[in-house]
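The values are calculated or read from the model by the stated rules, or taken from the named source; none is laboratory data. Keep in mind it's a predicted model, so treat the numbers as computed, not measured. Neighbour counts run over all protein chains shown; Cβ positions are idealised from the backbone, glycine included. These area figures cover heavy atoms from the full protein model, side chains too; ligands, DNA and RNA do not enter into them. Shrake-Rupley method; radii C 1.70, N 1.55, O 1.52, S 1.80 Å.
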Amino acid sequence: DLFWEKKDLGSIAATVLDAFAVIAAKKNITASVAAEPSLPAVPVDTPSYEKVLFNLIGNAFRFTPEGGAITVGLSRAPDGIPAGETVVTRADGLAISADSHVRLCVLDTGIGIRPEHLKLVFDRFKQAGENLALERGGSGIGLAHTRELIENMRGTITVASTPGTGSQFCVYLPLAQPEAVVIHPEPTETGGRLLALDGAVETADLNGQDRAPAHTVTGTRPLLLIVDDNQDVAGYIAGIVRNEYDCVCAENGREALRLLEQYSPDLIISDIMMPHMDGYELLRRLKSSEQRQAIPFIFLTAKADVEMRIEGLEAGADDYISKPFNSLELLARVKAVLRLKALQHETNQQKHEIAELMRRLSTTDSYGGIVGTSPAMRRVYTLIESIRHSDSHVLISGETGTGKELVARAIHLNSRRSQGPFITVNCGAIPAALMESEFFGHVKGSFTGAVRDSRGLFQEADGGTLFLDEIGEMGLDMQVKLLRVLEHGEFMRVGSSVASKVDARIIVATNKNLKDEVLSGNFREDLYFRIHIIPIHLPPLRQRLDDIPLLIEHFLDEYAKKHATAPPRLTQKDMEFFLGYSYPGNVRELQNMLDRLCLMGGSAAELVASQGSSGGLQLQHSHADTADVLNSDDPLRDARARVEKDIILKTLEMCNNNHTQAAGALKISRASLYKKIRQYGLKGENV
């Protein structure tokens, strides 16, 4: 579809000719525009008209020797096509006259064209002319493309030439386009205009050597492998891409395979019909190679046959370009395919990282100081790892003693802010009257007792992480000020009128249900949604019983080192107590119990009773079961196995021995469940 605009063809011709200024100076060629005064504006599709000019002027520069001249003439058309001009194409069928057409002519003092070759030069991929023309190169598609563009605009093109003297290409464009909506563009303030096409790209195959180098490899840019038995086409493509990419060229598939032993291209552009090895066979060889099958592949062919396209794409090609092609289209296709390759590489890398993460997390007993291998804790590890590159705010919820600060510290240490400060503050421990000063700091004299300037917690945490524990205890007035910091990244010190910027990641924690607090009016809804970006919930210890033996072992070793003593050996009653206790204080309570046990000795139950704990037993194990565990070589391991066995039995009972449902409830595969059943000898035991 064409977009019609009424344009001043003379100004466009002058602008296009300017794009060839460097080449004209290099070859000492005089280039000029001669436009008839008061020439009317003509409806054209601007990119098509510019491409016609680029092709005709570029052709003239290619075949005009040094010291020659090129003239672009614009005038009203004569009445009828002058004698001596060979008509190449007539698209509108209208009689040529000054009232109906304008005439654009590109004249050069080049090598000229023989009469028998005049029409051949407009055929796709025809090489016609003297030896000098063949040496100078040319894709064989520029003039063919020009003819097709002129036909689309209902124009006429003619050619006249004298071998050894020069050539003249004339285009006749109608002054009116039937049934076309013509736009009258607004004139620019400067009177100038920008080209719709990229002049640097359109002249790429002329600016420099007459033929693009066969190999251009810097090692600093993406590398393209161009495969075409027509070296003129290969050189043309290389000329288009060489400003942005490195390239190597091969004449057929066999030579391309040899080059692949030396180079690792980022993209292959290949013709289909070639001697020795065609494009299809080259593609099949690449796709059968594990090392090279991921290299993107674009087919290039002069035939736009649908079946051929389907065959190429089904064979594994990534794209398909038909000759003749626009240089801008080729560059756009190359960039698109390379962009997709980069995205695919990034996706594969992320998949590899995720697989490696899952492997590590499935074999580790701890993460960033957090101990536990239960499914609930593995999900927490995975979530922490997945947000390591993010600066989004995190809300950690869970009962008191579940390890919320430990998780916050693990998030900080695994983030890109790990070298920055980690500042912790308990919102419930700061008096409401002092909270604003503690958080934001104050200036000297702002209130009684402010004898010097003070930095607040936000400023101390700049470049790092600020952990706000028990945020549910913060008053509504302070919540408003915190919301401003989270939204705008700035705050004001008490007594100051100047806002200060801060770059700190905020992690908050609470043992309250903030949704209920919002409904009761104790917590602002807008602040809740601002901090509820990445929620992490820590389960209570009573919901991760299989972690208890591991935690006991961890804390006993830790306190034995701390107190420089051997860890105490747990008795039968101690282990029975630890495995059945409900832990209202969660991991922190277990930690304190073991610390007291290391210091004071005695039994765990007696220590808890002496502290007045109200915790009760939730799991009931027989005395014989516990005795078996404690008499083993590794009581902690066997205690953990006993808990795991009990959980599996209970789950199977709840699921009426449906193994698929039980595996889903336990969040393990059916194969893993069957393995556990065999491991614990559960067949026939309530299964």
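Annotations
- Yes/no for Leu406 being in a helix (DSSP H, G or I), more than 16 Å from Glu460 (Cβ to Cβ) and touching a residue at least 12 places away in the same chain (Cβ under 8 Å): yes
- Within the range 549-583, being open to solvent by 10 Å² or more (accessible area, probe 1.4 Å) and assigned to a loop (DSSP other than H, G, I, E, B) holds for His563, Ala564, Thr565, Ala566, Pro567, Pro568, Arg569, Leu570, Thr571, Ser582.
- Residue match in the range 433-449 (condition: over 43 Å from the mean Cα position of the chain (by Cα) and either assigned to a strand (DSSP E or B) or crowded, with 18+ Cβ neighbours inside 10 Å (or both)): yes
- Of all the numbered requirements in (1) under 20 Å from Gly142 (Cβ atoms); (2) hydrophobic (A, V, I, L, M, F, W, C); (3) open to solvent by 50 Å² or more (accessible area, probe 1.4 Å), Ile57 misses one, and that requirement is (3).
- Selection from the range 345-399 of residues that are modelled with pLDDT of 80 or more and either part of a strand (DSSP E or B) or within 16 Å of the chain's Cα centre (by Cα) (or both): Ile370, Val371, His389, Ser390, Val394, Leu395, Ile396, Ser397
- Pairs where the first residue, in the range 453-469, is closer than 15 Å to Arg417 by Cβ and the second is among the aromatic types (Phe, Trp, Tyr) and part of a helix (DSSP H, G or I), C-beta under 7 Å, 6+ apart: Phe458/Phe439; Phe458/Phe440; Leu466/Phe458
- Test for Val72: is it hydrophobic (A, V, I, L, M, F, W, C), under 51 Å from the mean Cα position of the chain (by Cα) and open to solvent by 30 Å² or more (accessible area, probe 1.4 Å): no
- Taken residue by residue, the range 301-317 has at least one member that is modelled with pLDDT of 70 or more and crowded, with 18+ Cβ neighbours inside 10 Å.
- Test result for Asp210, modelled with pLDDT under 85 and either buried (at least 16 other Cβ atoms within 10 Å of the Cβ) or in a helix (DSSP H, G or I) (or both): no
- Test: residue in the range 120-131 that is over 17 Å from Asp232 (Cβ atoms) and either at pLDDT below 90 or among the aromatic types (Phe, Trp, Tyr) (or both): no
- Output for the range 422-432, where each listed residue is surrounded by fewer than 16 Cβ atoms within 10 Å (Cβ to Cβ) and either among the aliphatic types (A, V, I, L, M) or under 33 Å from the mean Cα position of the chain (by Cα) (or both): Ala429, Ala432
- Consider the range 1-43 and keep the residues that are of a type in the set (D, E, K, R) and open to solvent by less than 40 Å² (accessible area, probe 1.4 Å). The one that is modelled with the lowest pLDDT is Lys27.
- Looking across the range 462-482, the residues that are among the aliphatic types (A, V, I, L, M) and either in contact with a Phe, Trp or Tyr (Cβ under 8 Å, 6 or more places away or on another chain) or farther than 23 Å from His389 by Cα (or both) come down to Leu466, Ile471, Met474, Leu476, Met478, Val480, Leu482.
- Residue within the range 77-92 that is under 21 Å from Arg147 (Cα atoms), at pLDDT below 90 and of a type in the set (Ser, Thr, Tyr) present: yes
- Hey, Ser418 among the polar types (S, T, N, Q) and over 27 Å from Asn513 (Cβ atoms) or not: yes
- Evaluating Thr46 against the criteria (1) open to solvent by 10 Å² or more (accessible area, probe 1.4 Å); (2) within 19 Å of Arg154 (Cβ to Cβ); (3) β-branched (Val, Ile, Thr) leaves one unmet condition, (1).
- Looking only at the range 6-29, and only at residues there that are of a type in the set (Gly, Ala, Ser) and touching a strand residue (DSSP E or B) at 6+ places or on another chain (Cβ under 7 Å), the one that is farthest from His184 (Cα to Cα): Ala24
- Residue under evaluation Leu257, criteria (1) in contact with a strand residue (DSSP E or B) (Cβ under 8 Å, 6 or more places away or on another chain); (2) modelled with pLDDT of 90 or more; (3) aliphatic (A, V, I, L, M), criterion not met: (1)
- Within the range 648-664, considering residues that are assigned to a helix (DSSP H, G or I) and either open to solvent by 60 Å² or more (accessible area, probe 1.4 Å) or among the acidic types (Asp, Glu) (or both), the one farthest from Gln543 (Cα to Cα): Thr660
- Residues within the range 489-531 that are out of contact with any Leu (no Cβ under 8 Å at 6 or more places or on another chain), under 30 Å from Ser446 (Cβ atoms) and of a type in the set (A, V, I, L, M, F, W, C), tallied: 6
- Taking the listed residues Gly73, Gly58, Gly93, Gly84, the one that is without any contact (Cβ under 8 Å) to a residue 60 or more places away in the chain and not in a strand (DSSP E or B) is Gly93, with no other qualifying.
- Qualifying residue in the range 193-207 (condition: at pLDDT 70 or above and within 19 Å of Leu338 (Cβ to Cβ)): yes
- Residue count, the range 379-415 (criterion: basic (Lys, Arg), open to solvent by 60 Å² or more (accessible area, probe 1.4 Å) and in contact with a Ser or Thr (Cβ under 9 Å, 6 or more places away or on another chain)): 2
- Of the strands (runs of 3 or more DSSP E) lying entirely inside the range 493-538, those containing at least 2 residues that are touching a strand residue (DSSP E or B) at 6+ places or on another chain (Cβ under 8 Å), open to solvent by less than 60 Å² (accessible area, probe 1.4 Å) and closer than 27 Å to Ile384 by Cα are 505-510, 534-537.
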